Amino acid sequence: MDIREEYIKFFEAKQHARVESSPLVPEDATLLFNNAGMVPFKSIFTGEIPVPSNPRATSCQTCIRAGGKHNDLENVGHTARHHTFFEMLGNFSFGDYFKAEVMAYAWEFLTVNLALDTDKLWITIHDTDDEAFELWQKHVPADRIMRLGDADNFWSMGDTGPCGPCSEIFYDQGSEHFSGPEDYLGGEGDRFLEIWNLVFMQYEKDKSGKLNPLPKPSIDTGMGLERVVAIKEGQLSNYGSSLFMPIIGQVEELIGKQYDYASGASYRVIADHIRTALFLLAQGVNFSNEGRGYVLRRIVRRAVRHGYLLGFREAFMYKLVDTVVSIMKDAYPYLEEKAAAVKEQVMLEEQRFLKTIASGIELFNAELENTKETFSGSVAFKLYDTFGFPLDLTEDMLKEKNLKLDSETFTTLMTEQRTRAKAAWKGSGDANVEGDFKKMLEDFGENSFVGYNNTEATSEILTLLSEDFRVVDSLHAEQKGWVLLDQTPFYAQSGGQVGDSGMLSHKAKVLDTKKFHGLNLSEVHVKETLNTKDVVISKVDIARQEIAKHHTATHILHATLFDILGDHISQAGSQVEETKLRFDFSHPKALSNSEISEIEEQVNYIVRHGVEGVTEEMDIESAKQSGAKAQFGEKYGDRVRVVKFGDASVEFCGGIHVENTANIGSFVIVKESGVSAGVRRIEAVCGNAAYNYFKTMRNEINNAVETLKNRDINLGIDKLKEQIKTLKAEVVDAQNASKETLDANEINGVAVYIEEIGAGDVKERIDELKNQHDSVVAMLFQVKGDKVVIAAGVKGASLKAGDWIKKIAPILGGGGGGRPDFAQAGGKDASKLPEAKEAALAFVSASL
């Protein structure tokens with residue numbers, strides 16, 4: 001049975017609208033990831049936007065709990081039911097049906113569709129919810145209904161807002177399997193497994209904490225797919241089900257060791273984490289050292305470390321990708337399309353970490369010998385900073401040893417580093433926008449975009465908003481705000497293309513255009529008072545032409561990369577502006593100069609040949625069959641816009657393009673670089689920006705010609721290099737001719753040099769002295785401006801250069817160090833040279 005599809009079809013038959021899983025990266029800027037099935041519907045539940053025409057919905061939402069408030073990372077592998085990535089089945093009512101209906105639906109699905117034993121189903125309700133108690137007795141005996149308090153059976157969205165009691169459905173896995181002290185209904189044991197939570201949103205909590213009844217209560221439910229699959233397959237652990245065992249089986253095969261549940265936590269961690277990594281990478285999240293990319297990196301490195309415990313010494317996780325894809329591809333077809341790119345990225349990240357993991361574990365074990373109860377915070381920071389060990393990985397390793405961490409020191413060092421780098425990450429990095437969107441949608445609905453064929457339109461101002469998105473009657477001179485037009489030619493930022501700018505008659509300058517809950521809003525700087533219902537001429541800035549050139553060039557570049565580099569190429573991000581484009585794509589290594597040239601030439605070939613653009617609207621299935629490339633994370637309706645340029649490029653796209661590739665003019669790649677493991681970035685310019693680029697290059701060439709006094713720049717540079725070479729040789733000859741003769745003292749058969757020199761390289765002089773003697777110690781000083789250079793060398797003597805220089809350098813107000821045979825340091829106070837020489841000789845005398 002495909003439980004995922006069985007569930008969705010069941011609720012479709014109950015008049016629920018099927019809603020596809022939203023991306024793991026949510027529109028809600030307060031969250032790192034979608035962590036529950038209701039997150040995509042949050043704006044409806046909070047009343048921020050109107051209830052849809054069908055007030056019933058059902059979905060199977062992919063979720064991640066591995067960062068922020070909701071973080072199951074440390075439990076993964078050690079329990080039967082925790083995961084970083086999971087799927088949540090849900091059915092939702094937006095002010096339509098309520099408790100009686102949702103209980104009946106849940107009971108029918110569990111007992112009829114899934115055919116679960118009714119004697120094994122138990123219910124918990126909030127201790128004050130008498131209504132739920134009465135309603136449940138239509139399906140289950142009263143002695144299998146338990147009342148619990150707020151901690152277990154009351155749900156709140158936040159400190160204020162929608163909330164209400166909830167009812168949880170549990171499955172009894174049997175006392176013969178679980179008989180511990182926590183194996184009771186409401187306990188922490190695994191005997192009674194929660195499988196479905198029904199939330200009754202019947203109150204609005206105000207700032208005082210008072211619960212005010214909602215006029216139209218709503219329903220939010222969530223059922224963990226992994227738990228239900230395990231129950232149906234007769235497994236006591238989620239990891240024993242068909243969703244995980246093929247992955248664990250492949251790990252067994254790769255390492256050549258049999259999996260045993262009792263000691264197999266590392267197998268389970270790997271199986272869980274590769275699922276999370278696959279979905280995040282396939283959806284465009286890349287490895288990085290902050291935000292979501294850092295959560296991804298932590299997850300992969302945690303899995304690699306568990307692989308290391310099993311005995312893996314080379315990359316292995318990327319080999320599991322195809323197995324996960326085979327399990328999940330029917331529900332999520334994009335995984336198969338992205339698999340090759342994901343494997344490259346995972347392999348490179350594994351290889352990067354494996355280079356340092358052995359050294360890191362060696363440092364960890366060395367510190368363990370000095371640890372009784374609390375592990376050094378500074379060593380934990382060094383593991384993080386130098387060896388790439390995420391903190392929770394170190395904490396995992398300490399947990400296995402029953403040791404604590406000096407978190408305070410670690411936090412202090414981390415804060416200092418972040419302050420220096422100014423790299424602290426807050427939230428998602430986006431503003432969490434709230435405003436009067438619901439009112440606008442209820443009053444006007446979504447406004448009309450007429451900008452594909454027009455850059456000018458006569459528009460009525462439907463609504464004006466302040467900078468914080470609150471409805472106002474007017475905006476006055478020099479104020480900034482937002483405007484909702486009945487029809488707008490201004491393109492709203494989307495799909496990597498920046499929003500349009502322009503003018504509203506002579507009254508306001510349009511600074512930017514964005515979309516909020518389907519509303520196309522333009523940000524304005526007012527020159528002359530704007531009022532609601534004013535009719536204005538909306539005119540898009542000429543910059544639109546240059547944006548269109550860069551957008552079409554991005555499509556041509558994407559197709560060219562696919563053609564030249566291979567079908568593993570997958571878009572990982574893009575940005576299209578008036579003066580440049582940026583395109584991120586999956587590829588395991590830097591492009592060579594010849595590859596960059598070939599890509600640039602092919603794009604320009606298509607540009608020169610004037611390929612006409614054709615735009616069609618079609619149903620989404622026809623678009624997919626046409627071979628059009630779609631980008632994950634973009635929201636496509638039942639009908640989509642397909643942009644085609646001959647055989648060169650065909651993509652889903654809602655953006656603005658040129659009519660003919662010849663309009664692009666020229667295409668120039670200005671930079672190729674790495675974004676993260678397995679992801680490269682090309683930056684390029686077109687049209688007017690390309691002309692400006694060429695103009696800048698020409699000016700630089702002319703300046704170089706003038707500086708070199710030679711029309712042939714390469715010849716001029718060669719002559720200059722030859723002159724530098726000759727001058728360097730002359731400097732060396734002059735230095736050798738002026739070298740001071742150094743006089744040696746002898747202590748117990750060892751030649752001793754402690755001298756100040758004028759010209760020359762101090763290290764070179766040290767080496768010369770070593771070559772002249774079998775046993776020698778030397779410390780040379782050289783004053784350069786207001787600084788003092790110090791070098792020490794030792795050969796065939798019982799004295800360490802590093803120790804010697806550490807003793808002397810502070811006298812000159814400096815510091816340094818080095819090896820036993822050679823060390824260097826710097827000083828700031830040349831007036832102390834006599835004192836430093838005396839101390840250096842005293843140190844040698846005492847040591848020899």
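The values are calculated or read from the model by the stated rules, or taken from the named source; none is laboratory data. Here the structure is a predicted model, which is why all the values come from computation and not from measurement. With ideal geometry, Cβ positions are generated from the backbone for all residues, glycine too; neighbour counts draw on all protein chains shown. The area values use the complete protein model at the heavy-atom level, side chains included, leaving out ligands, DNA and RNA. Shrake-Rupley method; radii C 1.70, N 1.55, O 1.52, S 1.80 Å.
Straight-distance candidates among the aspartates and glutamates for linking to Lys372, with alpha-carbon spacing under 15 Å and chain neighbours fewer than 8 residues away dropped: Glu400, Asp406. Choose one of Leu769, Ile717, Gln735: the residue whose Cα lies farthest towards the positive end of the charge dipole of region 688-770 (beta-carbon charges +1 Lys, Arg; -1 Asp, Glu; about the Cα centre). My answer, from the dipole projection, is Ile717.
When the solvent-accessible area of the chain is split by element, carbon and sulfur atoms take up 46 percent of it, the probe being 1.4 Å. Summing Cβ point charges (Lys, Arg +1; Asp, Glu -1) relative to the Cα centre of region 100-146 gives a dipole of roughly 220 debye. Are there any trypsin sites (Lys or Arg not before Pro) in region 327-416 that are in a DSSP loop and have at most 11 other Cβ atoms within 10 Å? List them by number. Those that pass, being in a loop and sparsely packed, are Lys372, Lys401. Subtracting the Cα-Cα distance of Val535 and Lys120 from 0.36 nm times their residue separation leaves 142.8 nm of extension gain. Each residue, Asp130 and Ser179, gets one label point 7 Å from its Cα in the Cβ direction; the gap between the two is 4.1 nm. Per residue, the solvent-accessible area of region 182-305 (1.4 Å probe, heavy atoms of protein chains only, all protein chains present) comes to 36 Å².
Seen through its C-alpha gyration tensor, with square-root eigenvalues sorted a ≥ b ≥ c, region 339-381 comes out prolate because a/c lies at 1.5 or above while a/b is bigger than b/c. Using a/c under 1.5 as the rounded threshold, could you call region 264-362 rounded, prolate or oblate? The axes a ≥ b ≥ c are square roots of the C-alpha gyration tensor eigenvalues, and prolate needs a/b larger than b/c, oblate otherwise. Judged from the Cα gyration tensor, region 264-362 comes out prolate (a/c at least 1.5, a/b above b/c). Computed with a 1.4 Å probe on the full set of protein chains, the accessible area for Ile701 sits at about 90 Å². DSSP beta bridges in the chain, what fraction antiparallel, as a percent rounded to 5? If we restrict to bridges inside the chain, about 85 percent are antiparallel.
Indicate the gyration tensor shape class of the chain (rounded, prolate or oblate), computed on the Cα atoms with a ≥ b ≥ c the square roots of the eigenvalues: a/c under 1.5 is rounded; otherwise a/b larger than b/c is prolate and the rest oblate. It is oblate, given that a/c is not under 1.5 and a/b is not larger than b/c. Rounded to the nearest 20, the Cβ-based charge dipole of the chain about its Cα centre (Lys and Arg +1, Asp and Glu -1) stands at 2060 debye. Cα-Cα pairs above 14 Å in region 691-763: how many percent? That tail contains 75 percent of the Cα-Cα pairs.
Measuring r between the beta carbons of Leu214 and Lys329 and using R0 = 45 Å, the FRET efficiency lands at 0.65.
Derived scalar couplings between HN and Hα for region 773-782 equal 9, 7, 10, 8, 10, 9, 10, 10, 10, 9 Hz in order, rounded to whole Hz, by the Karplus curve 6.51 cos²θ - 1.76 cosθ + 1.60 (θ = phi - 60°), x for Gly and Pro.
Annotation for region 631-737: trypsin sites (Lys or Arg not before Pro) lying in DSSP loop with at most 14 further Cβ atoms inside 10 Å of their Cβ are Lys635, Lys709, Arg711. When the Cα positions of Pro489, Ala792, Tyr693 are compared along the charge dipole of the chain, Ala792 comes out farthest toward the positive end, with charges on each C-beta of Lys, Arg, Asp and Glu. Helical content alone sets the calculated 222 nm signal of the chain at -11500 deg cm²/dmol, taking -39,500 (n - 2.57) per DSSP H segment of four or more residues and averaging over every residue.
Using the Cβ-Cβ distance between Arg819 and Leu403 with R0 set to 41 Å, the FRET efficiency from 1/(1 + (r/R0)^6) comes to roughly 0.75. Ordering Gly814, Ser845, Val472 by the projection of their Cα atoms onto the charge dipole of the chain, which places +1 on the Cβ of Lys and Arg and -1 on the Cβ of Asp and Glu, puts Ser845 at the extreme positive end.
Using a probe of 1.4 Å, the accessible surface attributed to Tyr171 totals some 30 Å² when neighbouring protein chains are kept in position. The number of Lys pairs in region 629-757 with C-alpha atoms less than 24 Å apart, excluding pairs fewer than 8 positions apart on the same chain, is 11.
Neighbours of Glu373 by Cβ distance under 11 Å: Lys/Arg scored +1, Asp/Glu scored -1, total +2. On the beta carbon distance between Ile724 and Glu467, with R0 = 56 Å, the FRET formula returns roughly 0.45.
Were the residues from Asn75 through Glu108 laid out at 0.36 nm apart, the gain over their Cα-Cα distance would be 8.6 nm. Between Thr386 and Glu460, the distance separating the two model label sites (each 7 Å from Cα on the Cα→Cβ line) works out to 7.1 nm.
Glu621 contributes an accessible area of around 100 Å² to the protein surface, as traced by a 1.4 Å probe with all chains present. Extension gain, Ser847 to Asp443: 0.36 nm times the residue separation minus the Cα-Cα distance gives 136.4 nm.
The aspartates and glutamates whose alpha-carbon is closer than 16 Å to the alpha-carbon of Lys533, local same-chain residues fewer than 8 away aside, are Asp443, Glu460, Asp473, Asp486. When the C-alpha to C-alpha distance is required to be over 23 Å, the pairs from Lys14/Lys138; Lys527/Lys549; Lys784/Lys806 that qualify are Lys527/Lys549.
Taking GluC sites (Glu not before Pro) across region 423-529, the ones in a DSSP loop with at most 16 further Cβ atoms lying within 10 angstrom of their Cβ are Glu434, Glu446, Glu467, Glu478, Glu528.
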